[in-house]
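The values are calculated or read from the model by the stated rules, or taken from the named source; none is laboratory data. Worth saying up front: this structure is predicted, and the values here are computed from it rather than measured. Cβ coordinates were reconstructed from backbone atoms using ideal geometry, including for glycine residues, and neighbour counts include every protein chain displayed. Surface areas here come from the heavy atoms of the whole protein model, side chains and all, with no ligands, DNA or RNA. Shrake-Rupley method; radii C 1.70, N 1.55, O 1.52, S 1.80 Å.
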Amino acid sequence: MENSPTTLGSKGLINKHEFLRVIIQCLYSLGYKKSASCLEIESGVRYESIEFDLLESQILSGDWDDCIDTLNKIKDVKDDTRSSVLFLVFKQCFLEYLNRGDDSLALSVLQKRVPTLHMSNETVHKLAYSILALKEMELGKLDEDVISELRKRLVMELGKQLPPPIVLPERRLEHLVETSVTAQIDSCIYHNSQDAVLLYEDHCCGRDQIPTETVQILTEHSNEVWFIQFSNNGEYLASSSSDCTAIIWKVMDNDKLTMKHVLRSHQNPVSFVAWSPDDTKLLTCGNLEVLKLWDVETGTCKHTFGDHGFTVSSCAWFPDSKRIVCGSSDPEKGICMWDCDGNEMKAWRGMRMPKVLDLAVTSDGENLISIFSDKEIRILNLRTNAEQVIFEEHSITSLSVSIDSKFFIVNLNSQEIHLRDVAGKWAKPLKYTGHKQNKYVIRSCFGGINSMFIASGSENTQVYIWNRQSSTPIEVLSGHSMTVNSVSWNPKRPLMLASASDDHTIRIWGPSQSNKIQPAETST
């Protein structure tokens, strides 16, 4: 069907008059007053509606009776909105009558006009008391300039409250364009860049925006690599292994990793690491062993927490980099909070305390999230002590929190990853499937710009990547020869992903390149 002269666009969905009006508004807001005025004259379309133009004139001239009459005649305004704007007009009217000494007229507004709006007595009394208090403070000395300024403010306030098409919402064209750009970004499954989106063409990223290709293989561990995590500044990677060591790797400017320190002190396999928020310290958890604190710069062990009877399952830092918290699978040990010198600051323990499988502190320090007894998630607000309890139908193996503290994911042995909001407003989690997980601990992570991706290892030797808005993976990465236990996405380099496997290696993934490395290449 051909468009009528009153509509625009291939589908005839855009009203020409409305389109011109928002363009004129945009020109005015950008400071192009002459261009806006010329377009108004040439098109015959006014930025301000006839009704609002009249209201503005009446308010600025103090013609209150006609102003009130105009407001009452405007159609398609909800009763509560009409009452609200009329109240503002009555308030200004009342103030001006008092200011010029017309107390009887002011009283008439208060007694006859305001009650028609069905406002609460409390609101009316507050208005009277506030303005009468001003009168006692020599309100009568307000000059014409002040009155004029108050009238202009009233016009602006009415402009915010009156609905379209009487008044256009501020920066309407910018909002429409931004909404369109946002929708295109949201529908782009590979979007992973902070670069500005061009308006000249529809937006669509290619798969080169995410890491899909092995760019380096790290082989320094002599046994299964169980856990990896990039530092908060993205300059280091820490790995832990069943070879009883942890390694700190340095990320170079060319995106290659080199070994900085091998941390040798644990007597048993190292199952977990955690970076301090300032990246100067690293915690390592020994499997059925103690917790150790390391200095990142020197690679020296600064403190050992607990004893050989203290079974640590996981640990986390508070935002100040001065306090840590760890959980134990032994109920009598529970959850402990220490300072960096090993002084216990707080503890949650007792015979009723379930075993702790995993825990995390949100980066804002507000919440402690714990995984209890396989299927139970508890979110403790550390400021209010309010607690949420969430139950999963299947056993939980790991937990990961988004950088913005708003979301967390849990891996389940039902071969699903569940995404939940920390605030607890969602009735159900978002679910991600495709990877394989039945009997091992597999750890997933958030990644990319605004944590819009989820990555996970898998028991079938592959790495899976999902866009958060889709339950099925957008990429499946092959390269490892055994179970992939853990993945970590560099928080400062959105094109860098690391994966750790039972095949004793760590793979660094980057965007697809024409010159692929040979699988046998190792770090040197």
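Would you pick out the residues in region 401-435 that are under 13 Å from the mean Cα position of the chain (by Cα) and at positive phi?
Within region 401-435, Ser405 is the sole residue that qualifies.
Looking only at region 191-232, count how many residues are assigned to a loop (DSSP other than H, G, I, E, B), touching a residue at least 24 places away in the same chain (Cβ under 8 Å) and surrounded by fewer than 20 Cβ atoms within 10 Å (Cβ to Cβ).
Qualifying residue count, region 191-232: 8.
When the residues of region 306-321 are filtered to those that are farther than 19 Å from Phe230 by Cα and within 34 Å of the chain's Cα centre (by Cα), which remaining residue is least open to solvent (accessible area, probe 1.4 Å)?
Val312
Quick check on Val422: is it closer than 21 Å to Ser451 by Cα and either surrounded by fewer than 17 Cβ atoms within 10 Å (Cβ to Cβ) or touching a strand residue (DSSP E or B) at 6+ places or on another chain (Cβ under 7 Å) (or both)?
The answer is yes for Val422.
What about Asn438, is it farther than 30 Å from Arg352 by Cβ, in the same structural domain as Met345 (by the TED database) and not in a strand (DSSP E or B)?
Against the criterion (farther than 30 Å from Arg352 by Cβ, in the same structural domain as Met345 (by the TED database) and not in a strand (DSSP E or B)), Asn438 qualifies.
Mind listing just one residue for me: the one in region 250-265 that is free of Cβ contacts under 8 Å to residues at least 40 places away in the same chain and crowded, with 19+ Cβ neighbours inside 10 Å and, of those, nearest to Ile508 (Cα to Cα)? Reasoning before the result, please.
If we filter region 250-265 for residues that are free of Cβ contacts under 8 Å to residues at least 40 places away in the same chain, which is where we start, we get 250, 252-254, 260-261, 263-265.
Applying the additional criterion that residues be crowded, with 19+ Cβ neighbours inside 10 Å yields 261, 263.
Values: His261: 18, Leu263: 21 Å.
My answer is His261.
So, in region 441-476, how many residues would count as being open to solvent by less than 40 Å² (accessible area, probe 1.4 Å), more than 15 Å from Ile228 (Cβ to Cβ) and among the aliphatic types (A, V, I, L, M)?
Residues in region 441-476 being open to solvent by less than 40 Å² (accessible area, probe 1.4 Å), more than 15 Å from Ile228 (Cβ to Cβ) and among the aliphatic types (A, V, I, L, M): 4 in total.
Would region 428-448 turn up any residue that is in contact with a Lys or Arg (Cβ under 6 Å, 6 or more places away or on another chain) and at pLDDT 95 or above?
The answer is yes; a qualifying residue exists.
Restricted to region 271-303, and to residues that are buried (at least 17 other Cβ atoms within 10 Å of the Cβ), β-branched (Val, Ile, Thr) and farther than 15 Å from Phe227 by Cα, which residue is farthest from the chain's Cα centre (by Cα)?
Val290
Since Glu235 meets every condition but one in (1) in contact (Cβ under 8 Å) with a residue 40 or more places away in the chain; (2) farther than 18 Å from Asn485 by Cα; (3) open to solvent by less than 10 Å² (accessible area, probe 1.4 Å), which condition does it not meet?
(3)
Restricting attention to region 497-515, and to residues there that are of a type outside the set (S, T, N, Q) and in contact with a strand residue (DSSP E or B) (Cβ under 6 Å, 6 or more places away or on another chain), which single residue is surrounded by the most Cβ atoms within 10 Å (Cβ to Cβ)? First the steps, then the outcome.
Going through region 497-515, the residues of a type outside the set (S, T, N, Q) turn out to be 497-498, 500, 502-504, 506-511.
Next, only the ones that are in contact with a strand residue (DSSP E or B) (Cβ under 6 Å, 6 or more places away or on another chain) stay: 497-498, 500, 506-510.
Details: Leu497: 27, Ala498: 28, Ala500: 30, Ile506: 27, Arg507: 25, Ile508: 23, Trp509: 25, Gly510: 18.
Per the stated criteria, the residue is Ala500.
Show the residue pairs that are 6+ apart or on different chains and have beta-carbon atoms under 7 Å apart, the first residue being within region 60-77 and in a helix (DSSP H, G or I), the second being exposed (fewer than 13 other Cβ atoms within 10 Å of the Cβ).
Pairs that qualify, where the first residue is in a helix (DSSP H, G or I) and the partner is exposed (fewer than 13 other Cβ atoms within 10 Å of the Cβ): there are none.
Identify all residues within region 322-337 that are open to solvent by 20 Å² or more (accessible area, probe 1.4 Å) and closer than 23 Å to Asn232 by Cβ; write none if there are none.
Residues satisfying the conditions are Lys322, Arg323.
Filter region 65-99 down to residues that are surrounded by 13 or more Cβ atoms within 10 Å (Cβ to Cβ) and of a type in the set (Lys, Arg) and give me whichever is farthest from the chain's Cα centre (by Cα).
Looking at the filtered set, the residue picked out is Lys91.
Scan region 121-160 for residues that are modelled with pLDDT of 90 or more and open to solvent by 60 Å² or more (accessible area, probe 1.4 Å) and report the count.
6
With the structure loaded, tell me whether Leu168 is open to solvent by less than 60 Å² (accessible area, probe 1.4 Å), closer than 21 Å to Glu18 by Cα and not in a loop (DSSP other than H, G, I, E, B) or whether it fails that test.
Values: open to solvent by less than 60 Å² (accessible area, probe 1.4 Å): yes; closer than 21 Å to Glu18 by Cα: yes; not in a loop (DSSP other than H, G, I, E, B): no.
No, not satisfied.
Would you say Leu13 is of a type in the set (A, V, I, L, M), surrounded by fewer than 13 Cβ atoms within 10 Å (Cβ to Cβ) and touching a Ser or Thr at 6+ places or on another chain (Cβ under 8 Å)? Can you show your working first?
Working: of a type in the set (A, V, I, L, M): yes; surrounded by fewer than 13 Cβ atoms within 10 Å (Cβ to Cβ): yes; touching a Ser or Thr at 6+ places or on another chain (Cβ under 8 Å): yes.
For Leu13, the condition - of a type in the set (A, V, I, L, M), surrounded by fewer than 13 Cβ atoms within 10 Å (Cβ to Cβ) and touching a Ser or Thr at 6+ places or on another chain (Cβ under 8 Å) - is met.
Select from region 100-111 the residues that are in a helix (DSSP H, G or I) and either open to solvent by 20 Å² or more (accessible area, probe 1.4 Å) or in contact with a Gly (Cβ under 9 Å, 6 or more places away or on another chain) (or both) and list them in ascending order.
Asp103, Ser104, Leu105, Leu107, Ser108, Leu110, Gln111
Return the residue satisfying two criteria in turn: it lies in region 347-394 and is charged (D, E, K, R) and within 18 Å of Val290 (Cα to Cα), and of such residues it is modelled with the lowest pLDDT.
Across region 347-394, the extreme among qualifying residues is Arg349.
Suppose we filter region 392-406 for residues that are surrounded by 14 or more Cβ atoms within 10 Å (Cβ to Cβ) and touching a residue at least 40 places away in the same chain (Cβ under 8 Å); how many remain?
8
Can you tell me how many residues within region 407-419 are open to solvent by 30 Å² or more (accessible area, probe 1.4 Å) and closer than 23 Å to Phe230 by Cβ?
Just the residues of region 407-419 that are open to solvent by 30 Å² or more (accessible area, probe 1.4 Å), to begin with: 407, 413-416.
Remaining after also requiring closer than 23 Å to Phe230 by Cβ: 407.
Number satisfying all stated conditions: 1.
Failed condition for Thr7, given (1) in contact with a strand residue (DSSP E or B) (Cβ under 9 Å, 6 or more places away or on another chain); (2) open to solvent by 40 Å² or more (accessible area, probe 1.4 Å), with all others met?
Unmet condition: (2).
With respect to Cys38, determine if the residue is open to solvent by less than 40 Å² (accessible area, probe 1.4 Å) and either in contact (Cβ under 8 Å) with a residue 60 or more places away in the chain or part of a helix (DSSP H, G or I) (or both).
It is false that Cys38 is open to solvent by less than 40 Å² (accessible area, probe 1.4 Å) and either in contact (Cβ under 8 Å) with a residue 60 or more places away in the chain or part of a helix (DSSP H, G or I) (or both).
Out of the residues in region 451-487 that are in a loop (DSSP other than H, G, I, E, B) and charged (D, E, K, R), state the one that is nearest to Arg507 (Cα to Cα). Write out each step before concluding.
We begin by selecting, within region 451-487, every residue in a loop (DSSP other than H, G, I, E, B); these are 452, 457-462, 468-474, 478-483.
Still in the running and charged (D, E, K, R): 459, 468.
Working: Glu459: 16, Arg468: 23 Å.
Among them, the one singled out is Glu459.
Quick one: in region 171-190, of everything that is in a helix (DSSP H, G or I) and small (Gly, Ala, Ser), which residue is surrounded by the most Cβ atoms within 10 Å (Cβ to Cβ)?
Ser180
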